[in-house]
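The values are calculated or read from the model by the stated rules, or taken from the named source; none is laboratory data. Predicted model only: the values in this text are computed from it and were never measured. Please note: Cβ atoms are built from the backbone with ideal geometry, for glycine as well, and neighbour counts cover all protein chains shown.
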Amino acid sequence: MIQPLFKVKVTLAPCKEADDSELLTVTLGNVLVSTKWRAKVEAVRAAKTEAEKAKLKAALPCFTPSGTFTHISNAGLIQHSGFICIDVDYKPERGENVALKDFDLKTWAAHIPHVAYCGHSCSGAGYFLLIPIADPAKHGAYFDALAYHFERAGLAVDRSCRNVGRLRFVSYDPEPYINTSAKTWTITLPATKPEKAPRKPGPATAEQTATLEQITAAVEAGKWDIAPTEKIWWEMICALANVFGDAGRDYAQRLFRFYPYFDADATDRRFTRALKHPEYNYNFGTLVGFFRAYGAAHDFDGINV
């Protein structure tokens, strides 16, 4: 049976880089309607540059809408909350959800019987929605179906939120849409190819190691910031851990040190977390794709994946 929206338990972390010992169990209601972080959230929204916004966001607490955890990963789940989170970002610079500029998603959500909560994300431009689901074991399948139907309605969904252990920053919305009698979601899409089993970290091939060394040297020579968002930074760390094992740790330090707010300790902690949880199934192609996209693509045209 689905628990009431405001009484269900979730995990709260003081920041995205928090250790497992710092995790707290709180009610979802404490997070959704609290004014505790209002000033910090409003500072994020008032930031003049993306770099400033990213730095302020990184200092915000985070929570796991889909349950309680011993550590923040799918494998660390203690108990599912019975809710799934859908993130609808407004990123006109990337052509994502440009219609949200003059559109109130909360009004739209009020016509969807499955939406229990809809409020502004910490950036103030995008939204996140909470939807009760019938079977926690089908979390991923339900997410895929919801993403499909949202996208048919013209709303792009952040696909990285598919992970049950997905963290999201706390936010503040004085007038969220709330429906404590929301209808439970039960729809999945027709079966397709089975998901690949998570790969074990390393060892990389000699060719992959040589290619990574070539790329790293070019990044260092050009002093390029090749991870423009925290999401991309994390996915590249996961790929380094999956493909190169602990040998990728030094490359992570070398590759990301030109980010304006680079933190060597935080990078090292993230790498350790990625090594422990190979279910974050990124690979060498992930690295090459990001290098081409964000690291002076013309210098990497000859890379073979």
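Residues that are of a type in the set (A, V, I, L, M) and surrounded by fewer than 22 Cβ atoms within 10 Å (Cβ to Cβ) within region 228-249 comprise I232, A247, listed in sequence order.
Answer yes or no as to whether F128 is surrounded by 20 or more Cβ atoms within 10 Å (Cβ to Cβ) and not in a loop (DSSP other than H, G, I, E, B). Let's see the steps before the verdict.
Working: surrounded by 20 or more Cβ atoms within 10 Å (Cβ to Cβ): yes; not in a loop (DSSP other than H, G, I, E, B): yes.
Judged against the criteria, F128 is a match.
Among the residues of region 63-82, are any free of Cβ contacts under 8 Å to residues at least 24 places away in the same chain and out of contact with any strand residue (DSSP E or B) (no Cβ under 8 Å at 6 or more places or on another chain)? No, region 63-82 has no match at all.
Among the residues of region 57-102, which ones are of a type outside the set (F, W, Y), within 24 Å of R273 (Cβ to Cβ) and assigned to a strand (DSSP E or B)? Once the filter is applied, which keeps residues that are of a type outside the set (F, W, Y), within 24 Å of R273 (Cβ to Cβ) and assigned to a strand (DSSP E or B), region 57-102 yields C62, T64, G67, T68, L77, I78, Q79, H80, I84, C85, D87.
Going through A145, A141 one at a time, which residue ends up being within 30 Å of R273 (Cβ to Cβ), surrounded by fewer than 19 Cβ atoms within 10 Å (Cβ to Cβ), of a type in the set (A, V, I, L, M) and within 18 Å of the chain's Cα centre (by Cα)? Give the steps one after another, and end with the answer.
On the way: A145 fails: within 18 Å of the chain's Cα centre (by Cα).
It is A141.
Here G95 fulfils each of the conditions (1) closer than 21 Å to A54 by Cα; (2) touching a residue at least 24 places away in the same chain (Cβ under 8 Å) apart from (2).
Contact map, region 11-23: residues that are under 15 Å from D268 (Cα atoms) paired with residues that are part of a loop (DSSP other than H, G, I, E, B), Cβ distance under 8 Å, separation 6+ or inter-chain. Pairs shown: K16/L167.
Taking the criterion of being farther than 21 Å from F6 by Cα and small (G, A, S), the residues of region 71-111 that qualify are S73, A75, G76, G95, A99. When region 176-217 is filtered for residues that are surrounded by 10 or more Cβ atoms within 10 Å (Cβ to Cβ), of a type in the set (A, V, I, L, M, F, W, C) and modelled with pLDDT of 85 or more, the ones remaining, listed by number, are I178, A182, W185, I187, L189, A210, L212, I215, A217. Out of T49, T68, one residue alone is more than 26 Å from I131 (Cα to Cα), assigned by TED's automatic domain parsing to the domain that holds F103 and of a type in the set (S, T, N, Q). It is T49. Just one of (1) crowded, with 17+ Cβ neighbours inside 10 Å; (2) modelled with pLDDT of 85 or more fails for Y280. It is (2). If you go through region 103-119 and keep only what is within 15 Å of L155 (Cα to Cα) and not in a loop (DSSP other than H, G, I, E, B), you end up with L105, K106, T107, W108, A109, C118.
So, in region 103-119, of the ones that are touching a Phe, Trp or Tyr at 6+ places or on another chain (Cβ under 6 Å) and buried (at least 21 other Cβ atoms within 10 Å of the Cβ), which residue ends up modelled with the highest pLDDT?
Among residues in region 103-119 that are touching a Phe, Trp or Tyr at 6+ places or on another chain (Cβ under 6 Å) and buried (at least 21 other Cβ atoms within 10 Å of the Cβ), the one modelled with the highest pLDDT is C118.
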